[in-house]
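Asker: One structure, pasted below without further comment.
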Amino acid sequence: MTRIALTGFRQDRGLPLTEADHDARPHDLLAVVTYGKLQILVDGMPLVASKGDIVYVPSHSTYEEDYAANAFHEKYVARLAPRDTAVGLPLLDDGVPRVLRYAPFEWMADRLRALLGDWQEQAPYAVIRCEGILLELVAIWCRELLREPPSPSSLLLTERMKAYIAGHYREKITKEELGDAIGRTPNHAAALFKRATGQTISEYAHAVRVKTAVYMLKESLLTAGEISEYLGYRDLSYFHRIFKKLTGFPPAHFMNERNTNH
């Protein structure tokens with residue numbers, strides 16, 4: 001059975017990799033940049049990563065951040081235990097330092113947030129779930145190594161569909177509507193959206209709603225029921241299930257943060 005042994009996971013804002021990771025080596029390192037730009041020197045060669053990029057550094061490589069070149073950035077950082085055998089995932093088995101871009105950033109960010117939540121909470125079986133989420137992510141990233149990059153026209157159409165969803169996410173959005181928005185058939189629009197984002201139209205819309213819900217739970221005085229209704233969820237229990245699935249926490253977790261801040 002394929003397994004990735006996760007020995008550390010965190011989110012940081014500009015914290016140098018060497019401060020937290022150097023003493024913990026040897027390990028493979030995976031970093032996902034979520035804001036700004038990160039530049040590190042791997043075996044003396046520069047690697048530059050921007051928002052949405054994944055950085056992989058194998059355990060046999062040395063690395064340090066290029067402080068002169070780095071802008072402020074945010075990233076998730078995972079440490080993986082060294083492996084004696086191949087796991088069937090080229091990103092890890094090849095042992096080559098690299099920067100990889102994964103287009104469906106929102107889906108990836110949702111999975112990373114869920115991973116971080118379980119890692120910090122350390123509920124029963126949290127490590128198993130965290131390793132499962134990371135294994136899913138690495139498998140998806142490995143597909144990127146095999147796939148040709150989307151054409152500029154496909155990216156443009158995808159951005160137009162995302163913009164449509166951003167303006168109508170509180171409503172039920174259909175493939176027919178997205179097809180009309182980009183001048184394509186419904187099936188073409190749905191297939192293009194899934195290929196470009198890694199999510200179905202429904203999954204992406206839920207992610208946008210839940211991201212808005214997290215903000216409202218922290219910053220507003222509305223109840224979870226009021227937020228659920230505002231976002232188009234008529235069934236509060238359904239809203240709770242979707243929210244927990246995407247964030248790893250119930251809505252009350254973020255309302256507790258609100259109570260701390262206000």
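The values are calculated or read from the model by the stated rules, or taken from the named source; none is laboratory data. All of these numbers come straight from a predicted model, not from anything done at the bench. A quick note on method: Cβ atoms are made from the backbone with ideal geometry, for glycine too, and the neighbour counts reach across all protein chains shown.
Asker: Out of all the residues in the stretch 187-205, which are farther than 10 Å from residue 173 by Cβ, touching a residue at least 12 places away in the same chain (Cβ under 8 Å) and either assigned to a helix (DSSP H, G or I) or of a type in the set (Ser, Thr, Tyr) (or both)?
Answerer: From the stretch 187-205, those farther than 10 Å from residue 173 by Cβ are 187-200, 203; that's our starting set.
Those left that are additionally touching a residue at least 12 places away in the same chain (Cβ under 8 Å): 187, 189-190, 192-193, 195-199, 203.
If the condition is that a residue be farther than 10 Å from residue 173 by Cβ, touching a residue at least 12 places away in the same chain (Cβ under 8 Å) and either assigned to a helix (DSSP H, G or I) or of a type in the set (Ser, Thr, Tyr) (or both), then 187, 189, 190, 192, 193, 195, 196, 197, 203 are the ones that fit.
Asker: Give the residue, chosen from 209, 170, that is of a type in the set (D, E, K, R), not assigned by TED's automatic domain parsing to the domain that holds residue 106 and not in a helix (DSSP H, G or I).
Answerer: Working: 209 fails: not in a helix (DSSP H, G or I).
Just a single option satisfies the conditions, and that option is 170.
Asker: Where residues in the stretch 144-154 are surrounded by 12 or more Cβ atoms within 10 Å (Cβ to Cβ) and modelled with pLDDT under 85, which of them is farthest from residue 183 (Cα to Cα)? Don't jump to the end; show me each part of the working.
Answerer: We begin by selecting, within the stretch 144-154, every residue surrounded by 12 or more Cβ atoms within 10 Å (Cβ to Cβ); these are 144-145, 150, 154.
In the following step, the residues that additionally are modelled with pLDDT under 85 were identified as 144-145, 150.
Details: 144: 28, 145: 31, 150: 19 Å.
This residue is 145.
Asker: Here's a follow-up. Checking the conditions here, which among 40, 133, 54 is buried (at least 18 other Cβ atoms within 10 Å of the Cβ), closer than 24 Å to residue 210 by Cβ and touching a residue at least 24 places away in the same chain (Cβ under 8 Å)? Spell out how you get there, then give the answer.
Answerer: Working: 40 fails: closer than 24 Å to residue 210 by Cβ; 133 fails: touching a residue at least 24 places away in the same chain (Cβ under 8 Å).
None of the other options fit; the residue is 54.
Asker: Another question, if that's okay. Filter the stretch 1-14 down to residues that are more than 11 Å from residue 134 (Cβ to Cβ) and either modelled with pLDDT of 65 or more or not aliphatic (A, V, I, L, M) (or both), then give me how many there are.
Answerer: In the first step, residues of the stretch 1-14 are kept if they are more than 11 Å from residue 134 (Cβ to Cβ); the result is 1-2, 7-8, 10-14.
Within this subset, residues satisfying the condition of being either modelled with pLDDT of 65 or more or not aliphatic (A, V, I, L, M) (or both) are 2, 7-8, 10-14.
Going through the stretch 1-14 one residue at a time, the tally reaches 8.
Asker: From 174, 200, grab the single residue that is closer than 23 Å to residue 102 by Cα and not small (Gly, Ala, Ser).
Answerer: Working: 174 fails: closer than 23 Å to residue 102 by Cα.
Exactly one of 174, 200 is closer than 23 Å to residue 102 by Cα and not small (Gly, Ala, Ser), namely 200.
Asker: Quick one: is residue 123 small (Gly, Ala, Ser) and part of a helix (DSSP H, G or I)?
Answerer: Values: small (Gly, Ala, Ser): yes; part of a helix (DSSP H, G or I): no.
Against the criterion (small (Gly, Ala, Ser) and part of a helix (DSSP H, G or I)), residue 123 does not qualify.
Asker: Sort out which residues of the stretch 57-95 are modelled with pLDDT under 85, surrounded by 14 or more Cβ atoms within 10 Å (Cβ to Cβ) and not in a loop (DSSP other than H, G, I, E, B), and write them in order of number.
Answerer: Scanning the stretch 57-95 gives 63, 65, 73.
Asker: Filter the stretch 227-240 down to the residues that are surrounded by 13 or more Cβ atoms within 10 Å (Cβ to Cβ) and in a helix (DSSP H, G or I) and list them by number.
Answerer: Matches in the stretch 227-240: 227, 228, 229, 230, 236, 239, 240.
Asker: Shifting gears a bit: For residue 106, work out the one condition from (1) of a type outside the set (Val, Ile, Thr); (2) surrounded by 16 or more Cβ atoms within 10 Å (Cβ to Cβ); (3) modelled with pLDDT of 90 or more it doesn't fulfil.
Answerer: All conditions pass for residue 106, except number (3).
Asker: Restricting attention to the stretch 237-262, and to residues there that are of a type in the set (A, V, I, L, M, F, W, C) and more than 22 Å from residue 166 (Cα to Cα), which single residue is modelled with the highest pLDDT? Break it down stepwise before answering.
Answerer: Just the residues of the stretch 237-262 that are of a type in the set (A, V, I, L, M, F, W, C), to begin with: 239, 242-243, 246, 249, 252, 254-255.
Then keep just the ones that are more than 22 Å from residue 166 (Cα to Cα); that gives 249, 252, 254-255.
Working: 249: 83, 252: 90, 254: 87, 255: 86.
Looking at the filtered set, the residue picked out is 252.
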